[in-house]
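Since every read-out is calculated from the coordinates, none of them should be taken as a lab result. Just so it is clear, the model here is predicted, and its values are computed rather than measured. Don't worry about glycine lacking a Cβ; one is built from the backbone with ideal geometry, like all the others, and counts go over all protein chains shown.
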Amino acid sequence: MQPEARIVKKIQALIARKGGRCFKIHGGDNPFQEAGIPDILACYRGRFIGLEVKQPGEEPSPLQRKVLSEIDRAGGVAAVVSTVGEVALLLAKLERKR
């Protein structure tokens, strides 16, 4: 399993433990899926979340940045993350906003 895949699994487990629901999106050359969708889509406490998971030092593509921006403008939460800790902080911030 690739390092990014391990982080994705840990993020999914964290969101599930906290009562959220997430879906792993498998990118690549899938003709049935829109390009640029974040790696993880989740619903947490009524909020739509799009998470692009990257190894430290890696950057999202311009298309991935565009889709994250569109999620943000639509009222969702969009982030590029590299660690489970970053996601824990994001969820804690959402909990305080309610």
Legend entry - Placed amide H near residue 48: partners under 5 Å, 5+ positions off or other chain: 77
Inset, instruction - Any chance you could get the radius of gyration and Dmax over the Cα atoms of the stretch 8-98, in Å? - result: 12.6, 39
Legend entry - Stretchable slack from residue 58 to residue 89, in nm (0.36 nm times residue separation minus alpha-carbon distance): 9.1 nm
Inset, instruction - Quote to one decimal, in nm, the extra length available between residue 5 and residue 96 on full extension: 0.36 nm per residue of separation minus the C-alpha distance between them. - result: 29.9 nm
Legend entry - Relative contact order for the chain, counting Cα pairs under 8 Å that sit 6 or more residues apart, in percent: 25
Legend entry - Net lengthening on full extension, residue 34/residue 13 (0.36 nm per residue, minus Cα-Cα): 5.0 nm
Inset, instruction - Determine the calculated [θ] at 222 nm for the chain from helices alone, applying -39500 (n - 2.57) to every DSSP H run no shorter than 4 residues and normalising by the residue count; nearest 500 deg cm²/dmol. - result: -13500 deg cm²/dmol
Inset, instruction - At most 10 other Cβ atoms within 10 Å and a DSSP loop assignment: could you name the GluC sites (Glu not before Pro) in the stretch 1-95 that fit? - result: 34
